[in-house]
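Novice: Below is a structure I'd like to ask you about.
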Amino acid sequence: MMLYGSEQFLSFTPENLSRTAVACGYRGASYNTALHDLGFVEGPKLVLVTRAGDCVTMLQLGRADITPLNEYRYGKLFQLNALRLMPLQPLREVELYLALSLDFTVEEVALWQHTLEQIYQDGTLRTLYQNVFPEQIIVKLEQLAAKSD
């Protein structure tokens, strides 16, 4: 998870950022602790919204300056119309996992894993997600799948 903002904030230290910028976060998000650790406290310097996606709207409207975004999803630049956001600093490492119910058999889990690795290797993942995930993430998944053979 990275803190994203406009280019004007690239040279700011975390202390200057929390004194100068208004952050926007999703109420109840796990990254809020990291925002608090950086000095953002709910009120004038931290706006917490209740719906996912509202922070981007807040930045577009000029009501906030920075927001956490997943760097694997947004990469080196997030652009939506005139809004251009870049990663400013890491908040915390995010790892995603898929959990299956204990009702699945070992064979079903193995089949699922095999099929997932196959879509990495045959280009299906690349075709579906090349406009969603940065190239480095797709390559990493393809390499991991190739090693499992």
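The values are calculated or read from the model by the stated rules, or taken from the named source; none is laboratory data. This is a predicted model, so every value here is computed, not measured. As a convention, Cβ positions derive from the backbone with ideal geometry for all residues, glycine included, and neighbour counts pool all protein chains shown. These area figures cover heavy atoms from the full protein model, side chains too; ligands, DNA and RNA do not enter into them. Shrake-Rupley method; radii C 1.70, N 1.55, O 1.52, S 1.80 Å.
Novice: Would you calculate, for the chain, the mean residue ellipticity at 222 nm contributed by helices, counting each DSSP H stretch of 4 or more residues as -39,500 (n - 2.57) and dividing by all residues, to the nearest 500? Kindly include the intermediate steps, with their values, before the conclusion.
Specialist: Values: 7 runs with 59 residues, N = 149.
Calculated from helices alone, the mean residue ellipticity at 222 nm is -11000 deg cm²/dmol.
Novice: Test of understanding: given the chain, find the longest segment containing no GluC sites (Glu not before Pro) that are in a DSSP loop and have at most 11 other Cβ atoms within 10 Å.
Specialist: Free of exposed loop sites, the longest segment is 1-92.
Novice: Considering only DSSP states other than H, G, I, E and B, which chymotrypsin sites (Phe, Trp or Tyr not before Pro) in segment 82-135 qualify as loop sites with at most 15 other Cβ atoms within 10 Å? The partial results should precede the final answer.
Specialist: On the way: sites: 97, 104, 112, 120, 129; in loops: 97, 104.
Passing sites in segment 82-135 are 97, 104.
Novice: Can you run phi through the Karplus equation (6.51, -1.76, 1.60; θ = phi - 60°) for segment 27-32 and list ³J(HN,Hα) in whole Hz, with x for Gly and Pro?
Specialist: 4, x, 6, 5, 7, 4
Novice: If you don't mind, there's one more thing I want to ask. Provide 84, 19 ordered by accessible surface of protein heavy atoms (probe 1.4 Å), highest first.
Specialist: Values: 84 110, 19 155 Å².
Final ranking, largest accessible area leading: 19, 84.
Novice: Per residue of segment 56-65, in order, report the coupling 6.51 cos²θ - 1.76 cosθ + 1.60 (Karplus, θ = phi - 60°) as ³J(HN,Hα) in whole Hz, putting x for Gly and Pro.
Specialist: Working through the residues one at a time gives 4, 4, 4, 5, 4, 7, x, 8, 8, 10 Hz.
Novice: Can you list the residues, at least 5 places off or on another chain, whose amide H is less than 5 Å from the amide H of residue 91, using H built in the peptide plane?
Specialist: Here 2, 3 satisfy the definition.
Novice: Quick check: from the Cα gyration tensor, does segment 29-78 come out rounded (a/c under 1.5), prolate or oblate? Walk me through the numbers before you get to the answer.
Specialist: On the way: a/c = 1.69, a/b = 1.20, b/c = 1.42.
Oblate, because a/c is 1.5 or more while a/b does not exceed b/c.
Novice: Each residue of segment 15-20 in turn: what ³J(HN,Hα) in whole Hz from Karplus with 6.51, -1.76, 1.60 and θ = phi - 60°, glycine and Pro shown as x?
Specialist: Using θ = phi - 60°, the values come out as 5, 5, 4, 6, 7, 9 Hz.
Novice: Give the carbon-plus-sulfur fraction of the accessible surface of segment 92-145 in %, rounded to a whole number; probe 1.4 Å, heavy atoms of protein chains only. Can you show the working numbers first?
Specialist: Numbers: 2620 of 4410 Å².
So the carbon and sulfur contribution to the accessible surface is 59 percent.
Novice: Just how large is the dipole of segment 87-131 about the Cα centre, in debye to the nearest 20, putting +1 at every Lys and Arg Cβ and -1 at every Asp and Glu Cβ? Intermediate values should be presented prior to the final figure.
Specialist: Values: 2 positive and 7 negative charges, 60 e Å.
Dipole size: approximately 280 debye.
Novice: Please report, to one decimal in angstroms, the Kirkwood hydrodynamic radius of the chain built from all distinct Cα-Cα pairs. Don't skip to the end; give the middle numbers.
Specialist: Values: mean 1/r = 0.0574 Å⁻¹.
Kirkwood radius, the chain: 17.4 Å.
Novice: Another question about this same structure. Among 68, 41, 134, whose Cα sits farthest toward the positive end of the charge dipole of the chain (+1 at Cβ of Lys/Arg, -1 at Cβ of Asp/Glu, about the Cα centre)?
Specialist: Checking the options against the dipole of the chain, the answer is 41.
Novice: Right, next: In terms of Cα to Cα distance under 13 Å, which aspartates and glutamates are near enough to residue 147, apart from those fewer than 8 places away along the same chain?
Specialist: 117
Novice: Given the options 136, 113, 89, state which has the largest fluctuation in a GNM of the chain using a 10 Å cut-off (strictly under) for Cα springs.
Specialist: The residue with the greatest mean-square fluctuation here is 113.
Novice: Amide H to amide H under 5 Å from residue 25: which residues, 5+ apart in sequence or cross-chain, H placed 1.01 Å off N in plane?
Specialist: 47, 48, 49
Novice: What lysines could a cross-link reach from residue 76, if we take a straight Cα to Cα line under 19 Å and drop same-chain neighbours fewer than 8 places away?
Specialist: 140
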